[in-house]
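Enquirer: There's a structure below that I have some questions on.
The values are calculated or read from the model by the stated rules, or taken from the named source; none is laboratory data. Just so you know, these numbers come straight off a predicted model, no measurement behind them. Methodologically, a virtual Cβ is constructed for each residue, glycine included, from the backbone with ideal geometry; neighbour enumeration extends over all protein chains shown. Quick note on the areas: whole protein, heavy atoms, side chains included, nothing else; ligands and nucleic acids left out. Shrake-Rupley method; radii C 1.70, N 1.55, O 1.52, S 1.80 Å.
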Amino acid sequence: MAYSIIKIRDVVRVPPAMFAENLEESILKLAQQSYEGIVDERLGVIIAATGIDSIGEGKVIHGDGSAWYDTVFNLLVFKPEIGEVIEGDITEITEFGAFIRNGPIEGLIHINQVMDDFIQYDAKARTFSGKESGKKLKVEDSVLARVITVSLKGTSTKSKIGLTLRQPGLGLPSWKKIDLSEKKESKPKKKGVR
């Protein structure tokens, strides 16, 4: 699943200026500042620190007036998995592919992964059209796509997700009817028995 809640253990430094505040609220605020928006290859994109599970006893380190707390807290993360089917909206169509928004990272459907057909690109209308099938793809279409590559690197803008629409049941809902009618037409006719 692309979205999940995970538990993480970390030591959180609470500065003296926050001592008068509620400890749990302070630690949650600090966790949100430290973690939200980070992209980690193992965890995924950290969307939000959502809650505190446990807070250990605070420790003071010599020379630092802050208190350090061993804390377990929950993070909402986005990490697409290869093979996963996602739903998203087409945000842009260029001569090399279509971009889809599903979560904090846009995925790319390279032009050779859009459909099993010769594709015509219309820059003015921002559309792809299948020459033989008549399938069309335009900005704001909502599609089903399968994740085929994931590369999470440092920030959302450096991270990449590769997607395909070239499998049965993917793309626009209207494509299913086109695929079924093509399948019927391509079936060889049975010859009579002699």
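Enquirer: Using a 7 Å offset from the Cα along the Cα-to-Cβ direction at both residue 124 and residue 139, what is the distance between the two label points in nm, to one decimal?
Expert: The two pseudo-label positions are separated by 1.6 nm.
Enquirer: Computed FRET efficiency, Cβ-Cβ of residue 167 and residue 48, R0 30 Å: what is it to the nearest 0.05?
Expert: Using R0 = 30 Å, I get an efficiency of 0.40.
Enquirer: Give me the mean projected area, in nm² to one decimal, of the convex hull enclosing the Cα positions of region 97-171.
Expert: Answer in nm², one decimal: 5.1.
Enquirer: Something else about it: 5 Å is the cut-off here: which amide hydrogens, built 1.01 Å from N in the peptide plane, fall below it relative to residue 127, excluding neighbours closer than 5 in sequence?
Expert: Residues meeting the amide H criterion: 122.
Enquirer: Dipole magnitude of the chain about its Cα centre, charges +1 at Lys/Arg Cβ and -1 at Asp/Glu Cβ only, in debye to the nearest 20?
Expert: For the chain, the charge dipole is close to 1680 debye.
Enquirer: Using modelled amide H (1.01 Å from N, peptide plane; none on Pro or chain starts), what sits under 5 Å from the amide H of residue 135, excluding residues fewer than 5 places away?
Expert: 130
Enquirer: Among the listed pairs 79/136; 124/158; 79/153; 124/176; 138/177, which are separated by more than 24 Å between their Cα atoms?
Expert: Long pairs (Cα-Cα over 24 Å): 79/136; 124/158; 124/176.
Enquirer: Sort 153, 59 from largest to smallest accessible area, using a 1.4 Å probe on the heavy atoms of the protein chains.
Expert: Ranking 153, 59 by accessible area, largest first, yields 59, 153.
Enquirer: In the chain, carbon and sulfur make up what percent of the accessible area (probe 1.4 Å)?
Expert: For the chain, the apolar C and S fraction of the accessible surface comes to 53 percent.
Enquirer: Then there is this: Compute the whole-percent fraction of alpha carbon pairs in region 39-101 spaced more than 16 Å apart.
Expert: That fraction is 70 percent.
Enquirer: At q = 0.10, 0.18 Å⁻¹, what is the log10 ratio I(q)/I(0) for the chain, with the Debye formula run over Cα points and no solvent?
Expert: Log10 of I(q)/I(0), two decimals: -0.58, -1.11.
Enquirer: Shifting gears a bit: I want to check the label-to-label distance for residue 72 and residue 34. Put each point 7 Å from Cα in the C-beta direction and report it in nm to one decimal.
Expert: 1.7 nm
Enquirer: Could I ask something else about it? How large is the accessible surface per residue of the chain, computed with a 1.4 Å probe and reported in Å² as a whole number?
Expert: Heavy-atom SASA per residue in the chain reads 62 Å².
Enquirer: Oh, and also: What whole number of Å gives the distance from the Cα centroid of region 81-117 to the Cα centroid of region 1-48?
Expert: 31 Å
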